[in-house]
Amino acid sequence: MSGEKCFEVLEKIFIPKKKQDIKDIKGYTIKYGNIVEGTEIVDEVLVSYFKAPKSYTTENMCEINSHGGNIVVKKILELCLKNGAELAEPGEFTKRAFLNGRIDLLQAESVIDVINAKSEREAKTGIKQLEGFLSREIAEIKKEIMDVMIGIEVAIDYPEYDVDDVTNKEISEMLEKVEDKLTKLEKSFDNGKIIKEGIKTAIIGKPNAGKSSLMNAILKEDRAIVTEYEGTTRDTIEEFVTINGIPLKLVDTAGIRDAKDEVEKIGIAKSKEMANSADLLIAIFDASKELDEEDLEILELAKNKKTIILLNKIDLNTKTDENDIRLRNASNSILKISALNKIGIENLYEEITKLFNLNEINLDNEIVITNIRHKNLISKAIENVKKTKETIKNKMPLDIVAIFIKDILEDLGSITGEIVTDDIIDEIFAKFCLGK
Ligand code: GDP
C-alpha cells in the first residue's frame, strides 16, 4: 500500500507481536505479526515499513508479506480494501514515483522493460535506463542547448548590445554537436530493437531440406535460453532463443516443428510468407540433391534480404553445385552444415554475429535506445535541429531561430516527461501489470 493513510489502514488489520506506535517505527524496518479480521487470525505475516519520502513512490508505504497461495493473499487484499484502501491501477506505483518526481518518465518506462525482459541483454539495458543513463545524456544535450539559448534571449531582450555575430557562430557549433549526439542515439535504436525484440529469423527451404532438424539443433543447444510465446499472426508460435548472447526470434516454430505429415510440410508458399516478415533468412538446401526449380525460387527470395545460405546434409554425397548458388546469389554467405549431426552450427552463429554487428553492441559503455516512443522523439528533435540550421543559413532574425530551438527542447522534454500530456502518461502506464 502506498499513500498518506496506508498506515491507518494497516493498523486496522495488522497486530504486530511487539506493539509499537507508528510514529516510533522507523522506515526500512520489518515487523512480525498477524493479519486479523476482527478476532480471527488470517495469516502470520511480515510487514515492511517505508516512510515518506524514502520509498518507491516517495509516499508512506507498507508491504505485507504473507504466505503464498491465492486464498490468503486475496483475503488480505479484501481486508485492505474493506478498511479504506483502493485498488491500484496498472503501473500506479511507478506512476506515483514519476508524478512525485522521484524518477523521470524514461526511468518509469524502463521498469516495464526490466519486468518484461526476455534476455539478459534486454534486462541489462533496462536496468541502465532505470539508473538514469539515458536521462543524463538527454539532460546534457539539453544543457548545451540551454547555455546558448540564454545568450539568445539576452540578445533578443537587449538588442542595443551587438551580440548577433557571436551567437550565430555559437548556435551553429552547438547545433552541430547536438545533432551528432542525437544521431548517435537514433542509430543505437537498431541495436536496441535487436536486443528487445530479437532478430526475427525465418528458416526457409523446400520440404525435407532440413528445417525442423536445424530448428531442433538450435533449440536444443545447451546454451540456448528459450522463451515460447504466441506469434503476431494467429496460429503461429514464435520462440525467443538466446545463444551466445545472440537474440533470435524464430518465426513460426510450430509450423516447422510440428509438420510431421509429409503433405503438410512447409513448402515454398509458406516460406515466401515467412520471408516477408523476417529480418534474417536462413535458407536451407539439401546438398545431397541437385538444385531444382523450387530451390531456385527459395534462392530468389533470399536476394533482397539478409540471408545465410546453408547447404545441409554434408554427411551425405554432395550433389549441389556451390558455385552455381554463388553465381545466382553472390551477396550471401554459404555455409556447409549437417543439421542432423550438428556439424557447422557454430559457424552459423558466427555468421549471424557478423551480419548484425552484434560484437559492436557494447552495453557497458553505450547508451542504447530500445523504446520506439523515444526513438520517434529523437528523430523529431533531429528534424528540428536541421530546421534551425536552415533558419541560420537563411539569416533569419534571432527571435525566429529561438522559436525553432525551443521546439528541439520540447522534443527532448517529452522524452524525459517534463513536457508531456496526461494522455501519453496514461498510455505509458497502461502497459504495466497490476501492482507495479
Ligand atoms: P524439413 O521438411 O525441411 O523440416 O526437413 P526435416 O528436418 O524434417 O528433414 C527431412 C529429412 O532429412 C529427415 O529425415 C531428417 O532426418 C533428414 N536430415 C536432416 N538433416 C540431415 C543431415 O544433416 N544429414 C542427413 N543425413 N539427413 C538429414
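Could you tell me whether residue 358 is closer than 18 Å to residue 218 by Cβ, at pLDDT below 90 and of a type outside the set (Phe, Trp, Tyr)?
So residue 358 passes the test.
Of the residues in the stretch 401-436, how many are part of a loop (DSSP other than H, G, I, E, B) and among the basic types (Lys, Arg)?
Residues flagged as part of a loop (DSSP other than H, G, I, E, B) and among the basic types (Lys, Arg) within the stretch 401-436 amount to 2.
Regarding the stretch 196-215, can at least one residue be identified that is part of a helix (DSSP H, G or I), at pLDDT 80 or above and more than 16 Å from the ligand (Cβ to nearest atom)? Spell out the reasoning first.
Restricting attention to the stretch 196-215, the residues satisfying the condition of being part of a helix (DSSP H, G or I) are 196-197, 211-215.
Pick out the ones that are also at pLDDT 80 or above and you get 196-197, 211-215.
After this cut, where a residue has to be more than 16 Å from the ligand (Cβ to nearest atom) as well, the list is 196-197.
Looking for residues that are part of a helix (DSSP H, G or I), at pLDDT 80 or above and more than 16 Å from the ligand (Cβ to nearest atom), one finds at least one in the stretch 196-215, hence yes.
For the stretch 17-28, state whether one or more residues are among the acidic types (Asp, Glu) and within 41 Å of the chain's Cα centre (by Cα).
No, there is no match, as no residue in the stretch 17-28 is among the acidic types (Asp, Glu) and within 41 Å of the chain's Cα centre (by Cα).
Among the residues of the stretch 23-45, how many are under 26 Å from residue 95 (Cα atoms) and among the hydrophobic types (A, V, I, L, M, F, W, C)?
Narrowing the stretch 23-45 to residues under 26 Å from residue 95 (Cα atoms): 26-30.
From what is left, the residues that are among the hydrophobic types (A, V, I, L, M, F, W, C) are 30.
The number of residues fulfilling the criteria is 1.
Only residues that are within 16 Å of the ligand (Cβ to nearest atom) and not acidic (Asp, Glu): list them for the stretch 293-304, please.
Hits for the stretch 293-304 are 298, 299, 301, 302.
State which residue is nearest to residue 367 (Cα to Cα) when the search covers only the stretch 389-400 and only residues that are assigned to a helix (DSSP H, G or I) and basic (Lys, Arg). Even if it seems obvious, please write down each step before you answer.
First pass over the stretch 389-400, keeping only residues assigned to a helix (DSSP H, G or I): 389-393, 398-400.
Checking which are basic (Lys, Arg) leaves us with 389, 393.
Details: 389: 26, 393: 32 Å.
So, considering only residues that are assigned to a helix (DSSP H, G or I) and basic (Lys, Arg), the one nearest to residue 367 (Cα to Cα) is 389.
Within the stretch 35-71, can you find the residues that are over 31 Å from the mean Cα position of the chain (by Cα) and among the charged types (D, E, K, R)?
37, 40, 43, 44, 51, listed by residue number.
Quick one: would you say residue 273 is modelled with pLDDT under 70 and either within 12 Å of the ligand (Cβ to nearest atom) or out of contact with any Pro (no Cβ under 7 Å at 6 or more places or on another chain) (or both)? Walk me through it before giving the result.
Values: modelled with pLDDT under 70: no; either within 12 Å of the ligand (Cβ to nearest atom) or out of contact with any Pro (no Cβ under 7 Å at 6 or more places or on another chain) (or both): yes.
No, not satisfied.
Determine whether the stretch 153-163 contains at least one residue that is in a loop (DSSP other than H, G, I, E, B) and of a type in the set (Val, Ile, Thr).
yes
Only residues that are within 13 Å of residue 286 (Cβ to Cβ) and either among the small types (Gly, Ala, Ser) or within 26 Å of the chain's Cα centre (by Cα) (or both): list them for the stretch 201-211, please.
Selection gives 205, 209, 210.
Could you pull out the residue among 44, 8, 63 that is within 30 Å of residue 105 (Cβ to Cβ) and of a type in the set (Asp, Glu)?
Criteria check complete, one pass: 63.
Let me spell it out: the conditions are (1) surrounded by fewer than 16 Cβ atoms within 10 Å (Cβ to Cβ); (2) closer than 22 Å to residue 382 by Cβ; (3) hydrophobic (A, V, I, L, M, F, W, C), and residue 150 meets all of them except one. Which number is the exception?
All conditions pass for residue 150, except number (2).
Across the stretch 333-388, what is the total count of residues that are of a type in the set (Val, Ile, Thr), within 16 Å of the ligand (Cβ to nearest atom) and not in a strand (DSSP E or B)?
2
Filter the stretch 305-331 for residues that are crowded, with 21+ Cβ neighbours inside 10 Å and away from the ligand (no atom under 16 Å from the Cβ); which is farthest from the chain's Cα centre (by Cα)?
That would be 325.
The values are calculated or read from the model by the stated rules, or taken from the named source; none is laboratory data. Just so you know, these numbers come straight off a predicted model, no measurement behind them. Note that we place each Cβ from the backbone using ideal geometry, even for glycine, and neighbour counts take in every protein chain shown.
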